[in-house]
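Peer 1: Before I ask anything, here is the structure I am working with.
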Amino acid sequence: MMIGKFAIGLALGACTIAVPLAASTAATKELKVKVDSIKQGAMIPDKFAFCQAAAQGHVGPGKDISPRIAWSAGPKGTQSYVVIVNDTDSPKTERDKINKEGMTVPATAERQTFYHWVLADIPANVRALKEGSGSKERVVHGKQASAATVGKPGLNMFTNVFAANEALKGKYYGYDGPCPPWNDENVHHYHFMVYALSVKSLDLPVDFDAPAVVEAMKGKVLAEGEFNANFVTNPAKGAKVPKK
């Protein structure tokens with residue numbers, strides 16, 4: 001079942017959790033990361049978004065397909081990889097203005113990290129995730145961990161966002177794409193991070209999330225790489241509104 005426009009606007013304004021992605025001090029090498037169909041520093045196509053700009057209701061449904069991600073080989077001793085995708089521009093303050101008519105979320109609002117995808121224990125012989133491997137569509141009540149064909153998927157922050165919404169709550173494993181506030185003055189920046197680790201498994205508990213992975217990776221990161229892209233739903237900041 002697809003999530004309606006009205007639900008999107010309400011639900012994504014509900015997250016108040018701020019957990020910054022801590023850079024590992026153990027990383028000594030750099031991985032080259034590529035995300036197919038997206039140019040470095042450019043806008044993420046609507047195909048990979050949870051929601052997109054719309055002529056009516058400000059936002060409408062995106063296809064929510066996870067993009068293909070590929071990376072260079074880790075250094076000697078690499079036994080597994082971790083992929084984390086986050087948005088570092090989720091509003092932390094001024095949240096009462098999110099998606100409200102006649103208001104804007106000012107560029108001066110304090111920001112926090114929102115995790116869209118975490119995948120751990122990726123085997124060392126895997127250096128790419130196929131398009132759609134983390135999400136093939138947008139669904140309500142979450143995606144199952146068993147849907148992953150490689151690695152161990154954790155819960156993304158849509159789990160937290162929808163926790164109080166009876167129509168949408170559930171465990172959201174894998175990927176769910178961008179859906180920033182339609183009235184945000186900031187362009188949102190998305191970071192596709194890949195880490196090469198010295199262990200085959202992080203021995204994570206059931207229902208782990210990105211902050212748990214960040215903590216578990218400490219002292220185990222041999223190399224890391226990053227690919228950056230942007231996304232907005234605010235036409236004033238470059239969002240393209242599809243024609244009817």
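Peer 1: Check whether at least one residue in region 151-166 is surrounded by 21 or more Cβ atoms within 10 Å (Cβ to Cβ) and acidic (Asp, Glu), and report yes or no.
Peer 2: No, because not a single residue in region 151-166 is surrounded by 21 or more Cβ atoms within 10 Å (Cβ to Cβ) and acidic (Asp, Glu).
Peer 1: Tell me which residues, restricted to region 100-125, are over 24 Å from Asn160 (Cα atoms) and in contact with a strand residue (DSSP E or B) (Cβ under 7 Å, 6 or more places away or on another chain).
Peer 2: Ile122, Pro123, Ala124
Peer 1: Please state which one of Lys39, Lys32 is at pLDDT 50 or above and in contact with a Ser or Thr (Cβ under 6 Å, 6 or more places away or on another chain).
Peer 2: Going through Lys39, Lys32 in turn, just one is at pLDDT 50 or above and in contact with a Ser or Thr (Cβ under 6 Å, 6 or more places away or on another chain): Lys32.
Peer 1: Write out, first by first residue and then by second, each pair whose Cβ atoms fall under 6 Å of each other, whose residues are 6+ apart or on separate chains, and whose first residue, in region 90-116, is surrounded by 14 or more Cβ atoms within 10 Å (Cβ to Cβ) while the second is of a type in the set (Ser, Thr, Tyr).
Peer 2: Close Cβ pairs satisfying both conditions: Ala109/Thr93; Gln112/Ser90; Thr113/Thr88; Phe114/Ser90.
Peer 1: Of (1) surrounded by fewer than 24 Cβ atoms within 10 Å (Cβ to Cβ); (2) of a type outside the set (Phe, Trp, Tyr); (3) more than 13 Å from the chain's Cα centre (by Cα); (4) in a loop (DSSP other than H, G, I, E, B), Gly74 satisfies all except one. Which?
Peer 2: So Gly74 meets the others, but not (1).
Peer 1: Looking at the structure I just gave you, is Pro242 part of a loop (DSSP other than H, G, I, E, B), in contact with a strand residue (DSSP E or B) (Cβ under 8 Å, 6 or more places away or on another chain) and either at pLDDT below 95 or polar (S, T, N, Q) (or both)?
Peer 2: yes
Peer 1: How many residues are touching a Phe, Trp or Tyr at 6+ places or on another chain (Cβ under 8 Å) and free of Cβ contacts under 8 Å to residues at least 24 places away in the same chain when one looks only at region 129-157?
Peer 2: 0
The values are calculated or read from the model by the stated rules, or taken from the named source; none is laboratory data. Nothing here was measured: the structure is a model prediction, and the numbers come from that model. Glycine also receives a Cβ, built like all others from the backbone with ideal geometry; neighbour counts cover every protein chain displayed.
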